[in-house]
Every structure is written in structure tokens, then in C-alpha cells.
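Notes to accompany the following structure.
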Amino acid sequence: MSIWAYILSTLQAAIPAGTPLLYGTLGEITAERSGVVNLGVEGMMIMGAVTAFGVSLATGNVGIAIIAAALVGGLLALIHGFASINLRVNQVVSGLALTMLGQGISGIIGKQFIGMPPRAQLKPVPIPGLSDIPVLGPLLFQHDLLAYIALLLVPVLWFLFYKTRWGINLRSVGESPATADAMGVNVFQVRYLAVFFGGLMAGIGGAYLSIVYTPAWIEGMTAGIGWIVIALTIFAMWDPVRGLLGAYLFGSMRVLQYRLQDLGISPPLLNMLPFALTILVLMLSAGEAIRKRLGAPAALMQPYTREER
Amino acid sequence: MNTWPRIRLEKRSDTPHWLSRVTPGLSVLAALLVIAVIFGLLGVNPWIAYARILTGAFGSLYGLSETVTKAIPLMLAGTGLAVAFRARVYNIGAEGQLLIGAICATGVALFIPGIPDELRLPAMFLAGALGGAVWALVPAVLKARLRIDEVLTSLMTVYIASELVNYLVYGPWKGPSEWGFPYTDKFPLAAQIPRIGMTRIHYPTLILALLAAVLAYILVQRTRWGFEIRVTGENPEAARYAGMNYLRTAILVMALSGALAGIAGVGEVAGIHYRLRYPQGISPGYGFTAIIVAWLARLNPLGVILTSLLIGGLLVGGDAIQLAMGLPSATVYLFNGMILLFVLSGDLFTRYRIRIELPERVSVLVRQEREEVR
């Protein structure tokens, strides 16, 4: 295999590997834009994974499985939303609690699914015409439906964030909730919607893992992906387009990880790579943030109350 | 016009003493009730499960001794986290610091010749504490230098530490006498922490843990530096205004909590297993469970002594129901997450008063009624 073909096949595999990360990151970007950090992504994803696998076993229908996974993710996110928006608890600890909860419940529910073959799978759908283009065709247009939807969501979210009234409301709630409130924006409603959307996306990301990427249920199969999502959100500077770059970068990392294993490099050392790379990426974005004066939404992690303004 | 009753939170100016004492306990009870419902939905009889947890952990001398054994790492790591969280420094990486402590202790136990027998264990404890502290300094320095959030970086170092253990026990440190298992060789006798009788309570570590909790309490409540920690946590603005150095405080509490978690790791390999093993074999998530221990104690190091015994019991009881009722080991996380969520929300009642405002129409009616009564 020539070097060029090797790179191409790595990049092609990077898209499915990066898709769960992309879903999670797009969701978390939206939630954080409204001022709520949800560290429960890992828990929502693993619940999405177990739900999707279980529902697909029961119904044999991939669509229903994905919707169920999204709803379970959203439901969990609402717990965090209630705790952080209404009860004003510490968002870091509440998100951690959500992750533990997801790991626990998914472990109990999933025990019966261990070792079972999947009943339904999502197959790649080459897009007629486009998939025949040399290089770009196999790279971008020979994937499954969920991978396409994730790709499409990027421009959609970008448009919503920067070109619509809804996006202005979302961003203003994350930057200065008191001002947004004075302008007549319902701060609580916007935050709840954003957090719920984050949960939907994390749920779908989890579903992608258990019914597309590795069609099976393995306890703890998210293996830290949810935490990488949190880091990618920072790396993306809360921008969906940069989120896409980050997700596929980490996707190619995962692919390389498996390929280098064939060259005889110790698997534990390779398994460290994504986490070491995460720290590196955080360092790079911190440097960039200081240089360009970019930053997190100003009201990130700050609960809002009318009474204590 | 309001048509629904509204729930409003009013900040309390001061919290009644009894209330802050009662809420953690009530929160745990509420969490256990919700877990019972979830168990019921999943087809597990919750009352049998709870009875087994209780008898498993506290119903026999063996159970009690295991509860104390599991409380040791929780007490050490939980004490460090209580101090760090007090300064609002979120060290989530205690699990990794614990593993690094275990690695350092193993290195001293097996690979450094020439240490006199009576100094072998002290050297291991020292190496473990140093290792844990240095590992915790990575996120601390990144926070101080680049303002990178310590939550994520400290968590990433857990995964890296865990893979480092895997690398060592599957690779260079794999013991030739261990029949192909991913273990190092057994520690020599001088590198084994003594235990009480037939139990697994490695008492020197227990004494260290109790000492750490008491000293940390004195540190936080009675010293100038503890004052800085408390002010930094409660009011960062005021701390800065008073000329306190936030970053120095952050680095110091990170190092302290890392060192204590490292000592916990030494205790596990030198007091329980006598060898380094795959990471889940050393610690079933003690570093994460310690977060709950610290929070349940309301970040009071003395309280950690009590809560670590309580959660230690829960772990022992959890093992018992896993065996008896066929539940997976992840069940412990369900308990952890739910208890944490409820304790966190329960804190609300100590900080806020809850007022229920009736809809305007209703309140007008109520007022009229009152006037009629007059």
C-alpha cells in the first residue's frame, strides 16, 4: 500500500471514529453557549449506547433505537439542568454525579446484553454521483446516515448561532444573563433547551458507538470519549466548525492507535495517546485564547437568579 | 398574572446549626429511596438488596474489618480532596494519583536494592506521597501557568496513570514468577505493611489516615494558610483583594491532595495485594468514590473519618450483593452518583430558604378571607 493510500484510508476511517465525538461536542458547545457546563457527557453517552443497543435488540429497528437513545440522553441532561439551573448547585460536581449515575445504570441494564450479537445495524449509504469523485468520494460520501447528519449539523448550528435571533438569545444568555433577561429573553427556558439539546446529541453519539462503530454492548464502552468531548469543546472555542476539525482529528488519532498496534507498539502506551493529546490540545487552545483574547462564554458555570442581581 | 404557585429560593443569612448536621444524612436516605425505586424497575428486590448490604458490611466481624479496610484509602484520598475542594480547586484525578503512588511504592519495594529493612516501608510511603504530589502538580501547574481548567486535566491524568500501570504489569515489570498474570513479583516481607490479626486492616496506613484527617482539620481551621484556603474558596474576590495568592494556594492544595492519594496507593499495594496488578485490581475507583466521601463530610476533614467508614461499608455491602444477586460491579457507581446528586442538592436547604408563592388570584382570596375573619 502506498503512503498516499494509507493516509487516505486513515482519514476515511477517521470520520466514523470521530462521529460520536462530533455529536457530543456539538451538544456540549450548545449547552455551554447558554452558560451551563455539563460534565455528564460520559454518562449520557454510555446511557445512549446501552439504550440504543437494547432497543435495537427488542425492536430490530435502528431508527427507534437512535431516537430512544437521544431521549434518554436528553432526560439525563434535564436532571443536570434542574440541579444547575433551578437548584444552583455546583455544576462540576453535579456533572460528575451524572457520569457516575450513567455508568452505574448502564452497567446494570447492560449486563443481559453482554456478548449478544446486534440485531440491526446502520449500513454505509454511498451518495450516488458524489461517491464516485476520486479522493473526496470515498473520503466523505461513503458513510452511514448518522455520519452525514453530524456533518450537516455543523453548518446548521453555525447558522443558528450566528445568523438567527435564536442564536443571539442563546449567546447573550451565556454571556450576560441579566442583560438578556432585561431584553426580554427567558433565560431559564433558553438554558433548559440548550442543556436538553446537549443531552440529545450525547445520546445519539452513544448510540453511534453501540450500533454503528462497534455494534455490541461492552460495559464502559465509552472509555473516556465523553471527557474528550469536554476538552474538544474548549479546543473548538465554542464554535461548531472548529468542533468538526477537533472531532475528526481525534477520530484519526483513534484509527492510528489501532494501526500502530500492528507495528508492535505496546497497546497501553498507545491508549495513553488520546488523553495526552487532549492535554496538549488544551495547552494549545489556552495559548491561543490568551493571544487572541478568545474565551469561554462569560457567564459559564454561573447560575442565574433574578432576586440576587 | 401568575396562575401557578411559584417556588422561590431566598438566600439564608445564616444557617441553623442543626440543619447543616441533618441534611447530609437525609440526603443519603432520599438517594437510597430513589435507588430502591430504580432497583425495583430493574427487577431487583431493593429491600433484600439493602438488607444484604447492611449485614454484609456491618453484620459480622469479618464485614466490619473489611469496611475499615476499604475506608483506609477513602479516608486518605477524601481528606486531601476535602481540603482542595474547600479552596474550590477541583482535583478529580485522585484515582490517578493513587495509582502513581502504587507504582512508586512498587518501584521502591522491588527495584531499589540496599535499603535497610526497617527503612523499606517508610521509603515506600515517602516515594508514594511524592509521586502522587508530582502527578497532581501537572494539572496544578497547567492551571497556574495557562489557566487551564484543572477538572479536565486532572481527569486525563487518571487515564494516563492507569495505562502506565497496564504498561508496567504487562511489560517491563511483569513478574517471572506470576504464571503469566499481569502482576509484578510479590513484595519481600520487609515491604509488606503489617495487618491486625487475620483481618486485612493494614493498621500503619490506618493510623496515617486518621492522623492526616486530624492534621488537615487543624490546618484548615487553625492556621493562617488554612484561613487562606477557606477565604479563597468562599470568596475568591476578597482573597485577591487581601493580597492572597490564589495560584500558590491552588498548587499547594493540589500537591497535598495528590500526596495523600499517593499514600492511599501505597497502602493498597503494600498492605493488601503485596504486588502491583492491573489498575482495576488495585483500586475499584477509590479516588472517585473519595469525592463523595469528601462532599458527604461537607468538606470537613474530621467528618471524612466518619463518611469514609460509611461509604467503605457501602462498598463491602455492594460486593456482597454483587455476588448474591448477580449485579455487575458498576452498581457501586449507581450508588455513588445518586448519593452525590442528592447530597449536592440537599446542600441547597442549608443555603436557601424555600418560599412557595401562591398565584396572585389565590393570594387575593386568602387575603380577603383573612380580613373577613378579622
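The values are calculated or read from the model by the stated rules, or taken from the named source; none is laboratory data. Quick caveat: nothing in here was measured; it's all calculated off a predicted structure. In this analysis, Cβ positions are derived from the backbone assuming ideal geometry, glycine residues included, and neighbour counts consider all displayed protein chains. Side chains included, ligands, DNA and RNA excluded: accessible areas come from the protein's heavy atoms. Shrake-Rupley method; radii C 1.70, N 1.55, O 1.52, S 1.80 Å.
Listed values, structure above:
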item	result
Fluctuation leader among B:Trp295, B:Trp225, B:Trp47 - chain B, Gaussian network, Cα springs under 10 angstrom	B:Trp47
Mean accessible surface per residue for chain B, computed with a 1.4 Å probe while every protein chain stays in place, in Å²	46 Å²
Stokes-Einstein D (µm²/s) once Rh is taken as the Kirkwood radius of region B:31-160 over alpha-carbon pairs, at 10 °C in 1.306 mPa s	89 µm²/s
Using θ = phi - 60° and Karplus 6.51 cos²θ - 1.76 cosθ + 1.60, couplings along region B:87-103 (whole Hz; Gly, Pro as x)	8, 6, 9, 9, 7, 9, x, 4, 4, x, 5, 4, 5, 5, x, 5, 4
Most mobile of B:Gly318, B:Gly80, B:Gly326 in a GNM of chain B (Cα contacts under 10 Å)	B:Gly326
Computed FRET value (nearest 0.05) for A:Ala58 with B:Leu210, which takes r as the C-beta separation and R₀ as 45 Å	0.30
Cα centroid separation, region A:166-182 to region A:79-119 (Å)	29 Å
Helix A:145-163 axis, angle to chain A major axis (alpha carbon atoms, nearest 10°)	30 degrees
Two-decimal ratio, the protein assembly as shown, of alpha-carbon radius of gyration to 2.2 N^0.38 Å	0.98
Choice from B:Val231, B:Val37, B:Val293 showing the highest fluctuation, given a GNM over chain B with Cα pairs closer than 10 Å	B:Val37
Area hidden from solvent between B and A (accessible, protein heavy atoms only, 1.4 Å, total, Å²)	4000 Å²
Where only C-alpha atoms are counted, convex hull volume of chain B per residue in Å³	202 Å³
Charged-residue dipole, Cβ positions (Lys, Arg, Asp, Glu), region B:145-270 about Cα centre, Debye nearest 20	320 debye
The protein assembly as shown - percent of accessible surface contributed by carbon and sulfur, probe 1.4 Å	66 percent
Alpha-carbon Debye profile of region A:1-68, log10 I(q)/I(0) at 0.16, 0.22, 0.23 Å⁻¹	-0.74, -0.95, -0.97
